[in-house]
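Before any comments, here is the structure.
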Amino acid sequence: FHADHGNLAAAGTALSVTSLSFARTALRKQKGPAGELLAIEPFALVVPAELETIAQQLIAQLMATKTSDVNPFAGELEIIVEPGLTSSTAWYLIGNPTMYEGLTWVTLDGMDTPRVESRAGWNTLGMEFRVTWALDAAFTETATWYRNPGA
């Protein structure tokens, strides 16, 4: 994520309708290698566990009585909660992974799913299990993810 790529907020802001609207605009205005507008459609909001409730409030459907109270994001985005994120304030807006390949994952040949192995316990009564999966992930396109460091 870098300001030169247009996928990083210049200043971190709290998750709100205003900051989410800015992120959506930045994602839609991403440019490809030849300078063409990609018009990436936002798909999901990725948040740490600390922001889950705020994210749910932002995406909730409300019965507004005034146009100014309408929630423009109601039912429009998926919420992905990732408790392993290291920042409790940073959040991400991502493009639809079925349309835009941004985060790619690969496995070793023949290991498309986790492998579970077991054996009879030697030091204890019961069974011993282990799961192995040779898996790697990397960003292949910077335009499909937008990061706000939060406030």
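The values are calculated or read from the model by the stated rules, or taken from the named source; none is laboratory data. Here the structure is a predicted model, which is why all the values come from computation and not from measurement. Because the Cβ atoms are built from the backbone with ideal geometry, glycine has one as well, and the counts that use them run over all protein chains shown. When the accessible area is computed, the model is the full protein with side chains, heavy atoms only, and any ligands, DNA or RNA have been set aside. Shrake-Rupley method; radii C 1.70, N 1.55, O 1.52, S 1.80 Å.
Close Cβ contacts (under 9 Å, 6 or more residues apart or on different chains) running from residues in segment 77-98 that are acidic (D, E) to residues that are surrounded by 13 or more Cβ atoms within 10 Å (Cβ to Cβ) and outside any strand (DSSP E or B) comprise E78/I59; E82/P48. Filtering A44, A137, A143 for residues that are surrounded by 12 or more Cβ atoms within 10 Å (Cβ to Cβ), modelled with pLDDT under 85 and not in a loop (DSSP other than H, G, I, E, B) leaves a single hit, A143.
Considering segment 31-41 alone, what residues qualify as being open to solvent by 10 Å² or more (accessible area, probe 1.4 Å) and either of a type outside the set (D, E, K, R) or assigned to a loop (DSSP other than H, G, I, E, B) (or both)? Matches in segment 31-41: G32, P33, A34, G35, E36, L37, L38, A39, E41. Would you say G110 is outside any strand (DSSP E or B), at positive phi and in contact (Cβ under 8 Å) with a residue 60 or more places away in the chain? In short, no. With respect to A55, is the statement that it is out of contact with any Leu (no Cβ under 7 Å at 6 or more places or on another chain), at pLDDT 80 or above and more than 30 Å from W133 (Cα to Cα) true? It is false that A55 is out of contact with any Leu (no Cβ under 7 Å at 6 or more places or on another chain), at pLDDT 80 or above and more than 30 Å from W133 (Cα to Cα). Among the residues of segment 76-131, those identified as closer than 19 Å to P48 by Cα, more than 13 Å from the chain's Cα centre (by Cα) and open to solvent by less than 60 Å² (accessible area, probe 1.4 Å) are S87, S88, T89.
For segment 1-30, residues that are open to solvent by 50 Å² or more (accessible area, probe 1.4 Å), under 21 Å from I59 (Cβ atoms) and not polar (S, T, N, Q) total 5.
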